[in-house]
Amino acid sequence: MTIRPLLLALPLMLTGCSTMANMHAPSWSSFNPLNWFGNSLEVTDKGVGKLTASTPLNESDIKDGLDDDYRLRSGMSMSDGKMRSFYQAMDGDTVKITVSGEPKGNVDRIEVSDPKVQSQSGVKIGTVFSSLYSKAFESCVKGHGDDSQNIECKAPDSQHVSYVFTGAWDGPDQLMPSDDTLKSWKVSKIVWHASTN
């Protein structure tokens, strides 16, 4: 009498096995609780995600390096009289990461403004200046270009990473804000450079 239910269950068990065989095995990273909620990209001394100084500046390599998490758009710009190629990683209409370098060259600069991406030391968009620095001297310079109203500071633990801080300042454009003013400024961008700081 117990054989009949087993015979009925056998085809179901076999069907389940064949379905399971077609499933992809999970990667080890899927077991990391940090990867269960949103973006797992990180800014390190080597680069951002899988993007490094040896990554060719083309769409497929950049998409792969950013784990295909963003929609990309490309463009060209001029910087210090030199032509630059860039890819902007978009989330909807918002630019979250800009990857740039010389045309047909490799990645040499990555600007991150995505709050979900942090540096290897845990710094992210919104981190306050005073939690990282006591003074700007020897660590920070005035920003240039689009960041001329901001300051850029070398990351204390990296030769290739810097932080762009933004805040309120009504002093002369050419002067660095005082350390007291900078205390409350916040990280608006994490920048990785192929060259050392």
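Taking Ser134 as the residue in question, decide whether it is among the polar types (S, T, N, Q) and open to solvent by 20 Å² or more (accessible area, probe 1.4 Å). Against the criterion (among the polar types (S, T, N, Q) and open to solvent by 20 Å² or more (accessible area, probe 1.4 Å)), Ser134 qualifies.
Contact annotation: residue pairs with Cβ atoms under 9 Å, 6 or more positions apart or on different chains, pairing a residue in region 88-106 that is among the basic types (Lys, Arg) with a partner that is part of a strand (DSSP E or B) and open to solvent by less than 40 Å² (accessible area, probe 1.4 Å), are Lys96/Gln88; Lys96/Ala89; Lys96/Met90; Lys96/Val112; Lys104/Ser85. For region 34-49, a residue qualifies if it is open to solvent by 70 Å² or more (accessible area, probe 1.4 Å) and either part of a strand (DSSP E or B) or at pLDDT below 95 (or both), and the qualifying residues are Leu34, Trp36, Phe37, Glu42.
Scanning region 159-180 for residues that are touching a residue at least 60 places away in the same chain (Cβ under 8 Å) and open to solvent by 10 Å² or more (accessible area, probe 1.4 Å) gives Gln159, His160. Among the residues of region 111-129, is any out of contact with any Cys (no Cβ under 6 Å at 6 or more places or on another chain), of a type in the set (Asp, Glu) and surrounded by fewer than 20 Cβ atoms within 10 Å (Cβ to Cβ)? Checking region 111-129: not a single residue is out of contact with any Cys (no Cβ under 6 Å at 6 or more places or on another chain), of a type in the set (Asp, Glu) and surrounded by fewer than 20 Cβ atoms within 10 Å (Cβ to Cβ). Is there a residue in region 181-191 that is open to solvent by 10 Å² or more (accessible area, probe 1.4 Å), under 21 Å from the mean Cα position of the chain (by Cα) and not hydroxyl-bearing (Ser, Thr, Tyr)? Scanning region 181-191, I find at least one residue that is open to solvent by 10 Å² or more (accessible area, probe 1.4 Å), under 21 Å from the mean Cα position of the chain (by Cα) and not hydroxyl-bearing (Ser, Thr, Tyr), so the answer is yes. Note on region 58-94: residues that are within 15 Å of Val48 (Cα to Cα), open to solvent by 70 Å² or more (accessible area, probe 1.4 Å) and part of a loop (DSSP other than H, G, I, E, B) total 2.
The values are calculated or read from the model by the stated rules, or taken from the named source; none is laboratory data. What you see is a predicted model, and the numbers here were worked out from it, not measured in a lab. As a convention, Cβ positions derive from the backbone with ideal geometry for all residues, glycine included, and neighbour counts pool all protein chains shown. SASA here: full protein model, heavy atoms, side chains in, ligands and nucleic acids out. Shrake-Rupley method; radii C 1.70, N 1.55, O 1.52, S 1.80 Å.
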